[in-house]
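The values are calculated or read from the model by the stated rules, or taken from the named source; none is laboratory data. A quick note: this is a predicted structure, and the numbers were derived from the prediction, not measured. Every residue, glycine among them, receives a Cβ derived from its backbone with ideal geometry; neighbour counts consider all protein chains shown. Heavy atoms of the whole protein, side chains included, go into the accessibility calculation; ligands, DNA and RNA do not. Shrake-Rupley method; radii C 1.70, N 1.55, O 1.52, S 1.80 Å.
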Amino acid sequence: IHRCFRGGIPEGDCKDITLEMGLDIEEAALDGVPLWGIDEDVKKYYDTLVREIVFGAAEMLGAPEGFLDSQLRFYAGLLRAFKYNKSIGEFFLTEVSVLQGCALSQIWANIDGCCWAWEVESKAKVEVGGFIDDKGMRSRIWEEVQKGADASTNYHEISGQTVEPSKSAGWCTDAEKRKAMPKFRFGKEEIGWVRTDKVLGVEHQFCRDKVR
């Protein structure tokens, strides 16, 4: 699996991702060459994972047949219903979503994250990072980050997911260079610039006059 998506397995710690990102930001502050990046947010992540896709990817990656079969049988009989106050609607079957409170769902999130990372890296020269449903990319070159954003948009559209531009963030470690460049885009929608952003609970300060 991809080194960035190891949530829920031994030595798969989110601190590794935030440490690597923090060191890259500090390096950019020291050498004066801007670092560009995007932290993206996927709308209703667990609810939009298409099981046929992630289960198929798991099979191709060599997941044990018995485990896949047990998960297929479990979800084949899973019923859902809408609830409003004390009222519950009719139960129905779905082909989309994995249970957010289930520990095994982290496996499907990791598989989806790996596929996303491999696709973005194949289309752009960026450093990707992520943990479960938190994803991001960065590069010293603005154009490469935009290429990564285009690849990410395409990946999510094909896999039935939606990136939330309003909850995503574009950033740069040089405020002046940032002002001179257009905002990153997911498809036709712009991503707002930020000076700080929380990634996996850790607040990063991007502009070099703010970096500690």
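How many of the residues making up the range 16-44 are touching a residue at least 24 places away in the same chain (Cβ under 8 Å) and part of a helix (DSSP H, G or I)?
Number satisfying all stated conditions: 10.
Name the single residue, out of those in the range 117-133 being of a type in the set (A, V, I, L, M, F, W, C) and in contact (Cβ under 8 Å) with a residue 40 or more places away in the chain, that is most open to solvent (accessible area, probe 1.4 Å).
Per the criteria, the residue is Trp118.
Go through (1) surrounded by fewer than 17 Cβ atoms within 10 Å (Cβ to Cβ); (2) at pLDDT below 90 and name the single condition Val33 misses.
So the condition that Val33 fails would be (2).
Being within 26 Å of Asp150 (Cβ to Cβ) and modelled with pLDDT under 95 is true for just one of Glu11, Glu20. Which residue is that?
So the residue among Glu11, Glu20 that is within 26 Å of Asp150 (Cβ to Cβ) and modelled with pLDDT under 95 is Glu20.
Taking helices (runs of 4 or more DSSP H) that do not extend beyond the range 45-108, which have at least 1 residues that are under 20 Å from the mean Cα position of the chain (by Cα), free of Cβ contacts under 8 Å to residues at least 60 places away in the same chain and closer than 27 Å to Pro165 by Cα?
Once the helices (runs of 4 or more DSSP H) in the range 45-108 are filtered for at least 1 residues that are under 20 Å from the mean Cα position of the chain (by Cα), free of Cβ contacts under 8 Å to residues at least 60 places away in the same chain and closer than 27 Å to Pro165 by Cα, what remains is 45-48, 51-60.
I'm trying to understand the selection: among the residues of the range 135-146, which are among the charged types (D, E, K, R) and surrounded by 22 or more Cβ atoms within 10 Å (Cβ to Cβ)?
Across the range 135-146, the qualifying residues are Lys135, Arg138.
In the range 134-212, which strands (runs of 3 or more DSSP E) lie fully inside it and hold 1 or more residues that are touching a residue at least 12 places away in the same chain (Cβ under 8 Å) and of a type in the set (Ser, Thr, Tyr)?
Correct list: 134-139, 196-199.
Would you confirm, using the coordinates I've provided, whether Asp112 is acidic (Asp, Glu) and touching a helix residue (DSSP H, G or I) at 6+ places or on another chain (Cβ under 8 Å)?
For Asp112, the condition - acidic (Asp, Glu) and touching a helix residue (DSSP H, G or I) at 6+ places or on another chain (Cβ under 8 Å) - is met.
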